[in-house]
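Heads up, the thing below is written out as structure tokens.
The values are calculated or read from the model by the stated rules, or taken from the named source; none is laboratory data. Just so it is clear, the model here is predicted, and its values are computed rather than measured. Heads up, the Cβs are rebuilt from the backbone with ideal geometry, glycines too, and the neighbour counts pull from every protein chain shown. Areas reflect the complete protein model, heavy atoms only, side chains present, ligands, DNA and RNA absent. Shrake-Rupley method; radii C 1.70, N 1.55, O 1.52, S 1.80 Å.
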Amino acid sequence: MADTDTKAAELAASVRLLPARAGSGSAAARRVRDAWQQAEPIMRAQASVLLRAEGVPVEAGGEALDAVTLPRSLALPVLASEEDWSEVEPDAANAVADSVLQRLASAGYEIKDLSTLDVIASAWLPGPPGSDVPARQIERVAQLLSVRPLLAADMLVAEGLARAAHRASLRDRHGLATPEEIKRAIAGMTYAQVTATAGYSKTLLSRWTTGIRRITDEAALWVHQQLEDKEGAWHPVKRT
């Protein structure tokens, strides 16, 4: 869903704002638990990352909420996209990225192999329909590259924003997992095996891998989980 990340923020806010004195049987806690259970898995997973990054227990009235683990390849974009990178000055980029990484670590993820470029390039969740974030990212890229002398910090931010905007366009077209990622996730498996394992039909798999149809958020979550299982921690694209 195009506004999953916005709804996830609202879901996390409902947990965060629940009064500490609210017991598990209180009406407020029940409302939060009901909203949580009715939310899609991807939304609960994103909300869990937001809460854990702030050190907030994923619970309501002292009762643990069912939390789906989000692969790092999606957890980092959730946190990185909270920053308005088109407004961040190049000389402050490392500090802002470090703040994002520390929040990611607080959420329980490994960060030692991630760089500032990886963080900026992961800011590809533009929010609800009509968001102008990708367009502003590209405008910022053009602005940074027009300055002379062109400094390394300018290039770093420009490259990160260009990658983020490109991935945002892929998200709009294909969903949370690209055809290339889907192919990597199911490499070595037949469509019949994937269907037996994940329950997705051969027709859907074919359409997702060829880019004919946008993948669902639930299926994309499965793809990223498969990639993490096969490849270990998410492998960001390194600069060459």
Report summary line: Hydrophobic long helices for the chain, i.e. whole DSSP H runs reaching 30 angstrom or more by Cα along the axis with Kyte-Doolittle mean at least 0.0, come out as none
Query raised in the report: Using alpha carbon centroids, what distance separates the stretch 98-148 and the stretch 174-232, in Å?
Result: 25
**Report entry** Nearest-10 value in Å² for the accessible area of Ser122, using the 1.4 Å probe
**Finding:** 0
Query raised in the report: Quick one: length gained pulling Ser99 to Glu139 fully straight, 0.36 nm per residue minus the C-alpha distance?
Result: 12.0 nm
Requested in this report: For Val56 paired with Glu110, estimate the spin-label separation in nm (one decimal), with each label point 7 Å from Cα along the Cα-to-Cβ line.
Outcome: 2.9
Report summary line: Taking 0.36 nm per residue of separation between Ala27 and Ser14 and subtracting their Cα-Cα distance, the length gained on full extension comes to 3.4 nm
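Length gain on complete extension for the stretch Lys183 to Leu150, per 0.36 nm per residue less the alpha carbon to alpha carbon distance?
My answer for the length gained is 8.1 nm.
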Query raised in the report: Rg and Dmax of the chain, using alpha carbons, in Å: what are they?
Result: 18.9, 63
Query - Cα-Cα pairs of the stretch 135-181 separated by more than 14 Å (percent) - result: 53
Report summary line: One can check that the equivalent ellipsoid of the stretch 92-233, built from the alpha-carbon gyration tensor with semi-axes equal to the square roots of five times its eigenvalues, has lengths in Å, largest first, of 32, 19, 12
Requested in this report: Could you give the size of the charge dipole of the chain about its Cα centre, using +1 on the Cβ of each K and R and -1 on the Cβ of each D and E, expressed in debye and rounded to the nearest 20?
Outcome: 640
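If the only charges are +1 at each Lys and Arg Cβ and -1 at each Asp and Glu Cβ, what is the size of the charge dipole of the stretch 1-110 around the Cα centre, to the nearest 20 debye?
It comes to approximately 720 debye.
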Report summary line: Short to long, in 5 Å steps from zero, the percent of alpha-carbon pairs of the stretch 4-147 per bin is 2, 10, 18, 19, 17, 14, 9, 6, 3, 1, 1, 0
